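K.L.:
Got a structure here, written out as structure tokens. Questions coming.
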Amino acid sequence: MSESEVVLLAVFGVLLLIGTPFAFAIGISSLAALWVEGIDLVVVPQHLISGISLYTLLSIPCFILAGDLMFTGGLSRKLVNIAMVLLGRRPGGAAIVAVASATAFGAITGSANATTAAIGKATIPEMVRRGYSREFSAALAATYGPIGILIPPSIPMIIWGVVANESITKLFIAGILPGLLIAFGLMAMSYIHAKRHRIPVDKGRFSLGLLLRTLNEGKWALMAPVIILGGIYGGVFTPTEAGAVGVFYGMLVGLLSREIRLGELPGIVLRSMKTSAMILFIVGMSATFSWFMGFNQLPDRLGRMLLSVSDDPIVILLMINVLLLIVGSFMDELAAIIILSGFLIHVGNTIGVDPIHFGIIVVMNIAVGLTHPPLGYTLFTSSAVSGVPVDRMIRPLIPLIAVELVALLIITYVPGLSTFLLKVF
């Protein structure tokens, strides 16, 4: 490795270890490497601006704002209420409801953290009330959050579509079945957990009247994913336009239902702007980091090194999974996708993996990595929502992560799971 590459990786690693915010760690390490290489530092603002000046990226702040409006407008709570009526009266009912609600909410927002926070706030207290430990409830919230970036719309899929020059609509379609696979796996584990720990079953009788009343109260929440995803898959609007439609829909429903007051809108917009700015700043800084790696042909060299170990696609995909799981547990998911994209695309093309399927493998790995200690993002989000320290979540987290790892292997080696719906739509 050259001196500048050593500086890039060493400075980046040290800054992460001392707790430097991720975007600044990327930016400072890139500046240090460029200075050592003797490259004009003007490339930093150039790539920062060019990295975020893409029409497709407009969908990110739109989906974030749409999700915030729908959460504040009570749509996530109404989804939970519907799921509770339908699924709550069976073993593991409250936990199954939480996973089902996260899956539905994932079709509204493209964020793992937003899904963990929104659904966790609504379901963790209810699960505890019904006999689940707070530790298990928090661990489940950490693992169902990443369903939000597999069930479309998905912010990481948008980023992968941009850097890999792949159809975002196709990536969205391909993510549906993998997302459902994880959801059903977590539901099954919730059922087993409830049986093993003898969680009491709600003895309340099912009432058609209650169901109809709950469906009526939650009809606008149910319509949100239908409008957003139906519009994309039906060719009515692009994923970027779908984000804007989601914002309008969330604001309209919130105001008309009086869950959101007009005076609250500036605060909601400002909160979403802060989140969007943080994400796009990471994207911009990662673009400089990625450009420097490409300038030094580091992705190609890493790809050749990996391919020198084996030329068997099965082995290569397994090694990529291990690498991405480790990276995903330490690094911001969007930065990981951008920084590693050159290396991943090179390897994927060399071993002949379907590019859409390969994109789902990448996003799936990042999603599972978000639930892993020591720095998995949804772990800390769930901890903040539930009040449970991360170290107390580890034991109940192990079987849930095992389910996700099994699902990851199935998705990796059964490409039809990702590509089947592409033949339908």
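K.L.:
Can we say V11 is over 20 Å from V163 (Cα atoms), outside the structural domain of R301 (by TED's automatic domain parsing), without any contact (Cβ under 8 Å) to a residue 24 or more places away in the chain and buried (at least 17 other Cβ atoms within 10 Å of the Cβ)?
P.N.:
Judged against the criteria, V11 is a match.
K.L.:
Taking region 70-110, which residues are assigned to a helix (DSSP H, G or I), touching a Ser or Thr at 6+ places or on another chain (Cβ under 8 Å) and closer than 18 Å to I182 by Cα?
P.N.:
A83, A94, A95, I96, V97, A98, V99, S101, A102, F105, G106
K.L.:
Tell me, which residue of region 56-72 that is surrounded by fewer than 24 Cβ atoms within 10 Å (Cβ to Cβ) and among the β-branched types (V, I, T) is modelled with the highest pLDDT?
P.N.:
If we take residues in region 56-72 being surrounded by fewer than 24 Cβ atoms within 10 Å (Cβ to Cβ) and among the β-branched types (V, I, T), then T72 is modelled with the highest pLDDT.
K.L.:
Can you find a residue that is among the β-branched types (V, I, T) and touching a Phe, Trp or Tyr at 6+ places or on another chain (Cβ under 7 Å) anywhere in region 59-74?
P.N.:
The answer is no, given that none of the residues of region 59-74 is among the β-branched types (V, I, T) and touching a Phe, Trp or Tyr at 6+ places or on another chain (Cβ under 7 Å).
K.L.:
Sticking with this one: Somewhere in region 379-398, is a residue of a type outside the set (G, A, S), in contact with a helix residue (DSSP H, G or I) (Cβ under 9 Å, 6 or more places away or on another chain) and under 30 Å from S50 (Cβ atoms)?
P.N.:
Scanning region 379-398, I find no residue that is of a type outside the set (G, A, S), in contact with a helix residue (DSSP H, G or I) (Cβ under 9 Å, 6 or more places away or on another chain) and under 30 Å from S50 (Cβ atoms), so the answer is no.
K.L.:
Starting from residues that are among the charged types (D, E, K, R), surrounded by fewer than 17 Cβ atoms within 10 Å (Cβ to Cβ) and in contact (Cβ under 8 Å) with a residue 40 or more places away in the chain, keep the ones in region 384-406 and report whichever is farthest from A117 (Cα to Cα).
P.N.:
R395
K.L.:
Is it true that some residue in region 274-296 is outside any helix (DSSP H, G or I), in the same structural domain as A221 (by TED's automatic domain parsing) and of a type in the set (S, T, N, Q)?
P.N.:
Taking every residue of region 274-296 in turn, at least one turns out to be outside any helix (DSSP H, G or I), in the same structural domain as A221 (by TED's automatic domain parsing) and of a type in the set (S, T, N, Q).
K.L.:
May I ask you to say which residue of L379, L409 is surrounded by fewer than 23 Cβ atoms within 10 Å (Cβ to Cβ) and within 19 Å of the chain's Cα centre (by Cα)?
P.N.:
After applying the criteria, what remains is L409.
K.L.:
Within region 353-383, work out how many residues are in contact (Cβ under 8 Å) with a residue 60 or more places away in the chain, part of a helix (DSSP H, G or I) and of a type outside the set (F, W, Y).
P.N.:
Summing the residues that are in contact (Cβ under 8 Å) with a residue 60 or more places away in the chain, part of a helix (DSSP H, G or I) and of a type outside the set (F, W, Y) in region 353-383 gives 16.
K.L.:
Here's a follow-up. What is the one condition in (1) under 24 Å from the mean Cα position of the chain (by Cα); (2) surrounded by 22 or more Cβ atoms within 10 Å (Cβ to Cβ) that S29 does not satisfy?
P.N.:
(1) is the only condition that S29 fails.
K.L.:
For region 371-421: of the residues being among the β-branched types (V, I, T) and more than 29 Å from I173 (Cβ to Cβ), which is modelled with the highest pLDDT?
P.N.:
Within region 371-421, the match that is modelled with the highest pLDDT is I398.
K.L.:
Do any residues in region 65-80 that are assigned by TED's automatic domain parsing to the domain that holds L270 and of a type in the set (D, E) have Cβ atoms under 6 Å from those of residues that are assigned to a helix (DSSP H, G or I) and surrounded by fewer than 24 Cβ atoms within 10 Å (Cβ to Cβ), where the two are at least six apart or on different chains, and which pairs are they?
P.N.:
Within 6 Å, the pairs are D68/I268; D68/S272.
K.L.:
From the list L150, L171, which residue is in contact with a helix residue (DSSP H, G or I) (Cβ under 6 Å, 6 or more places away or on another chain), at pLDDT 90 or above and surrounded by 24 or more Cβ atoms within 10 Å (Cβ to Cβ)?
P.N.:
Result of the check over L150, L171: L171.
The values are calculated or read from the model by the stated rules, or taken from the named source; none is laboratory data. What you see is a predicted model; the values in this text were computed from it and never measured. Positions of Cβ are generated from backbone atoms using ideal geometry, with glycine treated the same way; all protein chains shown enter the neighbour counts.
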